[in-house]
Amino acid sequence: MYKFLNTVLIGITSGAIYSLMALALVLVWRSTRVVNFAQAGQALLSTYIGYEVIQNFHSFWLALAIAMVAGAAVAALIDAIFMRTLFKRAAEGPIAGVAPIIATLGLLGLIRALLGLVVGGKEASIRPPVSNIGFTISGHTLAFSPLKLLIVASVLFLMLVLSLIFQHTNVGLALRASAYAPEIARLAGVKVDGIRTLGWALAGAAGAAAGMLQTPDGNGALSPDSLEFSLLLVFGFIAAVIGGLESLVGAVLGGLLLGLVLAFVLIYISGSLVFITAFVLLIIVLLVKPGGLIGSRRGRRA
Amino acid sequence: MTLVVTDLTVDHGAIRAINNISFRVEEGQLAAVIGANGAGKTTLLRTLSGLTHATGGSASWHGTELLYSKPEKLVRRGVSHVSEGKSVIPELTVKENLHLGALWRKNSDEAHATQEMILDTFPRLRDRLDQQADILSGGERQMLAIGRALMSKPSLLLLDEPSLGLAPLLVAQIFQSIRALTSQMGLTVVLVEQNAMSALKIADMGIVLNRGRIAASDSSVHLIANPQVRAAYLGY
Amino acid sequence: MVRDEDVVHKFRQSNFGRLSFFVGFGIFLFLLSNRVDELRVYQGATLAMYVVAIASLILLTGYSGQVSLGHGALLAIGGYSAALARNHLSAPVWITFLIAVLVTAMAGAVLGTAAARLSGPYLAGTTLALAVGLPSIANQFGFLGGEQGLLFDVGFPPASLGEDFTQYKWYFWIASLAALISIWWLQNILRSRYGRSWRALRGNEVAAELAGIHAGKSKTLAFTISSGLAGLAGALLAMTISTVSPSAFPLSLSFALLTGAILSGVTTLSGVMIGALTLVATPEIAAAISNRFSTSENVTTNLPGLLVSALLILVVLLVPNGPVEQMRTVRNRKRAITR
């Protein structure tokens, strides 16, 4: 019974972090039709910035806020300077369709190498702001700690803010309109280029939050070639695909679903099967239900 | 306030879609642009609203140069374009679609007044205000598309095939609403239509496009009376 | 008037002509390997490995319009299967390479069946996931040797080749022969019915299907062949470093191969040497730079990755179709003007 409860709680916590990464990917996909693989690099960069803030000001929450702002700024710059040029230049030719994807991959490599140049080889770790020792209920220690509670609460809070922005503000309306029908949005007077950059910025902030929350939940260590961040990208992508890649709600549910499935595999079967399970899940969703398990009527092609 | 188009030329790659055309539409007039498929009607509208770039020539409205400008800028100068095929966003609600047209307007009271006027003209939209636009019928979508364009408080309205895919009875109704609304708001209108007769009936003047060139341009009364135009475009 | 150029061109187009070209090139390489020092010979072997890997990626991306961000994973499959075959079956060297090709091709066929139904971003994400996850899977299964990996020893060169025939030269010979055979064979395939279907698919998938080309089958075939070549490259890579381990196939390997392919120009095999040479030269250039300007270890370890990524971005921005295609376009334009 406790084992089951623990599994669910672990799944929800890691799932919440996958949801944030999935949201970041979906936000960029909706605004630019690009799966931004550089997101892992941006999250890593933002987390390093957060780490520096912690070193200087000893506040995790201040660091989280600054990391998110920095993540948003970096993402906005990438879109405004880099992606816009790219879309103008690589408009035709045999690799036009995949050129933006390849470019984001190049960006991921570039960010990691630059981080390696600056901070590589140095020990860096983020300690949990609150205890990561599980709560105790009638003598049983749960896998759910104050830290995990804070992570889930933070993710919920961020999603609430995001959904308020999207559903109840003018900017949110412009963001949705630009995502669904950029041409009509432009005809209605929406400055689509700026809105697209804003979409990137929101994604950058979400990715930064994912990185900042994931790190202390794991072993806390940071490194420029961190496997954890690569896995965060991959699991975020899988969660986004499960959610249909178009839908913000889908991304969140996809993340939670993936988190739960992987937690059950981890605890009931074997840790060595976690990645394989995620990969097989991805392939099955893509082949059997290419529109995602949740919502979205749109097809997978083009 | 006059729409002045001079020596306008537009290329789609190697194809010349609009070939050196010039015309004027006086303020408050409704001009119908008719012609066969591929005559360049849609391209003309897309160029005037900034969606497509011209190869040469000039076009101005009320002193604003229309070519080489972005659509989102032209909307702010009073040019609203309802693009071909019921340009509404099905994922948004009816209210959001309308609201979208007035996002950039600073004065929300004024925008609200415009919305009330549109809903009075198209009462069916009022009933569906909070529903998603994808459940609307074809006619309702067209009303919504026109309503969205009017929310931007235009002085020049560019309408692309409002009759597309609608039942004949509905076409007459929509065209009557267009005429009534635009007279009421004092709009200048360029109406592109395949349905030549219905368009000329409500228009003040007509322009006949043929393979990117102007084949005839006259008051709509004269065009309807012109035997060649009748034979080629009006079907009798 | 028949120009000499045309005669040469025709000769290279014919089957016999191409075969003799490859044989001639092989003899040239053989003579060359006796004249340069050990380090260059070793780099030659790496170069040949990159040629095979990049050709595999060009076939996939340029000819069938699919993109793989995780080619390193396929190389890993090839490397591990070669090592397993060598260690457990004590198979002869050339058999281990064959096994690497076949096993990876089979894995590719399975993946390709799924991949043929995926478009750009989905396939890209799936292959990237594979490249991230596959090496770490090796960590978790005992028979794959964990972090240390497996030894892969192709053995000493045959004594008949003489006493001063070094190990590196032996690597170079094997790798060059494999590369020559691969490219020759690939060129023949590209000129066949299959090559034409791939080109048609790349041009316009719907039109190609209307013309009777089965897009799914055709793409799966491309993925299978491409994987087989990647497996060969993986075995060659394992040979040059004598081991296979998760760290031999990092994510950066996949990035580097992609950079090599984009740099070579994905629409034609003729630029493959550009990408391969660049990948071989990058670590040397990086070492030269860091020796001159800095002694920090960070610079030494990260500069190659930085150069490769920067190159990838620059090429995508500036010459998205690769320098060869770019030159061809410019030449054609000039020709059109002079006529």
* To do: Within the stretch C:309-331, work out how many residues are more than 9 Å from chain A (Cβ to nearest Cβ) and either touching a strand residue (DSSP E or B) at 6+ places or on another chain (Cβ under 6 Å) or over 15 Å from A:ALA96 (Cα atoms) (or both).
  => 7
* Inside the stretch A:149-189, can you point out the residues that are within 10 Å of chain B (Cβ to nearest Cβ), modelled with pLDDT of 90 or more, over 19 Å from B:HIS81 (Cβ atoms) and surrounded by 18 or more Cβ atoms within 10 Å (Cβ to Cβ)? -> A:LEU173, A:ARG176
* Structure fact -> Apart from one, (1) buried (at least 17 other Cβ atoms within 10 Å of the Cβ); (2) on the phi > 0 side of the Ramachandran plot all hold for B:ALA102; the odd one out is (2)
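In this structure, does B:SER87 turn out to be in contact with a strand residue (DSSP E or B) (Cβ under 7 Å, 6 or more places away or on another chain) and of a type in the set (Ser, Thr, Tyr)? Outline the logic, then answer.
Details: in contact with a strand residue (DSSP E or B) (Cβ under 7 Å, 6 or more places away or on another chain): no; of a type in the set (Ser, Thr, Tyr): yes.
Here the answer is no, as B:SER87 does not meet what is asked.
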* Structure fact -> Over the stretch C:201-233, the set of residues touching a residue at least 24 places away in the same chain (Cβ under 8 Å) and among the small types (Gly, Ala, Ser) is C:ALA215, C:GLY216, C:SER218, C:ALA222, C:SER226, C:SER227, C:GLY228, C:ALA230, C:GLY231, C:ALA233
* Asked: Restricting the search to the stretch C:76-133, which residues are within 9 Å of chain A (Cβ to nearest Cβ), under 19 Å from C:LEU237 (Cβ atoms) and not in a helix (DSSP H, G or I)?
  -> none
* Which members of the stretch A:181-207 meet the condition of being touching a residue at least 40 places away in the same chain (Cβ under 8 Å) and either of a type in the set (Asp, Glu) or over 22 Å from A:ILE81 (Cα atoms) (or both)? -> A:ASP193
* To do: With the checklist (1) within 14 Å of another protein chain (Cβ to nearest Cβ); (2) closer than 30 Å to B:ARG124 by Cα; (3) surrounded by 20 or more Cβ atoms within 10 Å (Cβ to Cβ); (4) touching a strand residue (DSSP E or B) at 6+ places or on another chain (Cβ under 7 Å) in hand, flag the one item B:ALA31 doesn't pass.
  => (1)
* Taking A:GLU246 as meeting all but one of (1) surrounded by fewer than 22 Cβ atoms within 10 Å (Cβ to Cβ); (2) part of a helix (DSSP H, G or I), write down the number of the exception. => (2)
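Here is a yes/no grid of residues against (1) without any contact (Cβ under 8 Å) to a residue 12 or more places away in the chain; (2) of a type in the set (Asp, Glu); (3) crowded, with 21+ Cβ neighbours inside 10 Å:
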position: C:ALA235; (1), (2), (3): no, no, yes
position: C:GLY271; (1), (2), (3): no, no, yes
position: C:LEU277; (1), (2), (3): no, no, no
position: C:ALA286; (1), (2), (3): no, no, no
position: C:SER296; (1), (2), (3): yes, no, no
position: C:ASN302; (1), (2), (3): yes, no, yes
position: C:THR329; (1), (2), (3): yes, no, no
position: C:ASN332; (1), (2), (3): yes, no, no
* Exactly one condition in (1) part of a loop (DSSP other than H, G, I, E, B); (2) at the interface with chain A (Cβ under 10 Å from one of its Cβ atoms); (3) more than 15 Å from the chain's Cα centre (by Cα) is not met by B:VAL88; state its number. => (3)
* Among the residues of the stretch C:49-59, is any touching a Phe, Trp or Tyr at 6+ places or on another chain (Cβ under 7 Å), touching a residue at least 60 places away in the same chain (Cβ under 8 Å) and among the small types (Gly, Ala, Ser)? -> no
* **Residue check for A:PHE144: of a type in the set (Phe, Trp, Tyr) and away from chain B (no Cβ under 14 Å)** => yes
* Asked: Hey, does the stretch A:24-45 have a residue that's part of a helix (DSSP H, G or I), out of contact with any Asp or Glu (no Cβ under 7 Å at 6 or more places or on another chain), more than 26 Å from C:LEU317 (Cβ to Cβ) and away from chain C (no Cβ under 14 Å)?
  -> no
* To do: Could you identify the single residue in B:ARG148, B:ARG230 that is among the charged types (D, E, K, R) and within 15 Å of the chain's Cα centre (by Cα)?
  => B:ARG148
* Would you mind telling me which numbered condition in (1) within 13 Å of another protein chain (Cβ to nearest Cβ); (2) assigned to a helix (DSSP H, G or I) C:VAL266 fails? => (2)
* What single numbered condition from (1) more than 14 Å from chain A (Cβ to nearest Cβ); (2) in contact with a Lys or Arg (Cβ under 7 Å, 6 or more places away or on another chain); (3) of a type outside the set (A, V, I, L, M, F, W, C) fails to hold for B:GLU110? -> (2)
* To do: Please enumerate the residues belonging to the stretch A:124-141 that are within 30 Å of A:ALA203 (Cα to Cα) and in a strand (DSSP E or B).
  => A:SER125
* Structure fact -> Only one of (1) buried (at least 22 other Cβ atoms within 10 Å of the Cβ); (2) within 11 Å of chain C (Cβ to nearest Cβ); (3) out of contact with any Ser or Thr (no Cβ under 8 Å at 6 or more places or on another chain) does not apply to A:GLY106, and that is (3)
* Looking only at the stretch B:182-193, decide whether some residue is closer than 28 Å to A:LEU173 by Cα and among the small types (Gly, Ala, Ser). => no
* Asked: Looking only at strands (runs of 3 or more DSSP E) that fall completely inside the stretch B:142-221, which ones have 2 or more residues that are within 14 Å of chain A (Cβ to nearest Cβ) and farther than 25 Å from B:PRO90 by Cα?
  -> none
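The values are calculated or read from the model by the stated rules, or taken from the named source; none is laboratory data. Bear in mind the structure is a predicted one, so any value in this text is a computation, not a measurement. Note that we place each Cβ from the backbone using ideal geometry, even for glycine, and neighbour counts take in every protein chain shown.
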